[in-house]
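Worksheet: the structure to be examined is printed underneath.
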Amino acid sequence: MQRKKYMLTLTELKTLLATPQRIVITTHHKPDGDAMGSSLGLYGYLIQKGHHVKVITPTDYPTFLHWMPNNGDVIIFTEQQEAAARLVEEASLIFCLDFNTLSRINELGELVRASGAKKIMIDHHLEPEDFDDYRHWDINACAAAQLVYDFIVNQLQDGGLINKDVASCLYTGIMTDSGSFRFPSATSEVYRIAANLIDLGADQSKIHELVYDNSSENRLRFLGYCLSNKLEVLRDYNTAIISVTKEELAQYHSITGDTEGVVNYALSINGIRLAALIIERPDKVKLSVRSTGDFPANEICKKYFNGGGHRNAAGGAAEKPLNDVVNEFKSILAEYKEQLIA
Ligand SMILES: [Mn+2]
């Protein structure tokens, strides 16, 4: 892609980072383990350099991520809009982690766009928008946290500052985005980075427990309900769908993070190549779509549901009744039948 404007070089960025800056780190809507892990990992590095740093998330995020080092310093935009807006406006550098289009951070996006700060994108999603001044972007990276590691160690040559806190955050990002090191993106290089992070203090067993064995009883019962009552298996298309109404979410007192990972259970059925979790949210219907092998989940999300993502993990949304979205999703499958039954 042709970049129009003048880009910051690595040398120029290093020079900027050599003196204290006012830095904002932000990440995508409804942050996941990689969004928070990459953000708080970079935060833990930058504060050691004497910068004034704040992590601002567009929205809240799951409680199973609240244990992360320096979580108490995070500002949630929807809860502290004025303070967040001031920080963005006054920042000299804004790091944009684990997303690459400003629409992914809601109203915060326009504030970031308007800010005079230099913008640094560290990301691994397809099709970045041209809003940044410096880019460390690689779609083959398993996580933004892997790219933050590479940024600190190889680009800034500052690996000596990866302490236990930084290592724990970056490890969390890599672990969650690689499906606990099982997706094809978890290359031997990723395992080597993880091993380094363990050597630097990340307690891999503890971190796994904090993230994955930290469910509320409601969350587990909700999962059970989805699997026994809401799962639809369409064998003709090797596809499984779980759809959930807002009444059902309320019945299980669902909170942020409670629906995360549910779609993976649908995908884990033998022979299933495509799985969707379709949820009625207050404003719109949201889809999480997962696939195996080379089936493009992101293509379906982009073409029909105003979204996108990775080939095997994508998302979208629709402003229609839940049933209409479920029926539309089913009607699309015929177009992909050959690929789905291959
Ligand atoms: Mn990510």
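Every number here is computed from the coordinates shown, using simple stated rules; none is lab data. All figures in this text were calculated on a predicted structure; none of them were measured in a lab. Here the Cβ is made from the backbone with ideal geometry for all residues, glycine too, and neighbour counts use every protein chain on show.
Things to note:
- ³J(HN,Hα) computed for each position of the stretch 285-302 - Karplus, 6.51 cos²θ - 1.76 cosθ + 1.60, integer Hz, glycine/proline x: 9, 10, 10, 10, 10, 10, 9, 10, x, 9, 6, x, 4, 5, 5, 4, 5, 6
- Projecting label points 7 angstrom from Cα along Cα→Cβ for Q155 and T292 puts them 3.6 nm apart.
- One Cα centroid belongs to the stretch 262-330, the other to the stretch 1-67; the line between them spans 29 Å.
- Additional length obtainable on full extension of the chain from N327 to N264, 0.36 nm per residue less Cα span: 20.6 nm
- Residue-wise HN-Hα coupling along the stretch 238-249, computed from phi with Karplus coefficients 6.51, -1.76, 1.60 (Hz; x: Gly, Pro): 6, 10, 10, 10, 10, 10, 9, 8, 5, 5, 5, 4
- Residues S205 and I75, FRET efficiency given R0 of 22 Å [Cβ-Cβ distance, rounded to 0.05]: 0.10
- Greater than 23 Å apart at Cα, pairs in K230/K320; K54/K119; K206/K286; K14/K54; K54/K206; K206/K230: K206/K286; K54/K206; K206/K230
- Of the residues F181, F295, the one with the fewest other Cβ atoms within 10 Å heads the list, and the complete ranking is F181, F295.
- Whichever aspartates and glutamates have a C-alpha closer than 13 Å to that of K49, once near sequence neighbours (fewer than 8 apart) are set aside: D158
- Where a label projected 7 Å from the Cα of R311 along Cα→Cβ would reach, residues of the stretch 259-300 with amide N under 15 Å: 274, 290-300
- Taking 0.36 nm per residue of separation and subtracting the current Cα-Cα distance, fully stretching the chain between S103 and T63 would add 12.0 nm.
- Less than 5 angstrom separates the built amide H of V55 from those of I25, I75, all sequence-distant by 5 or more or on a different chain.
- Rg(Cα)/(2.2 N^0.38 Å) for the stretch 10-212, N = residue count: 0.93
- Each residue of the stretch 44-50 was assigned a 3J(HN,Hα) from its phi angle through the Karplus expression (A = 6.51, B = -1.76, C = 1.60, θ = phi - 60°), giving x, 6, 5, 5, 5, 8, x Hz with x at Gly and Pro.
- Rel. contact order, % - alpha carbon contacts under 8 angstrom, at least six apart, the stretch 223-334: 20 percent
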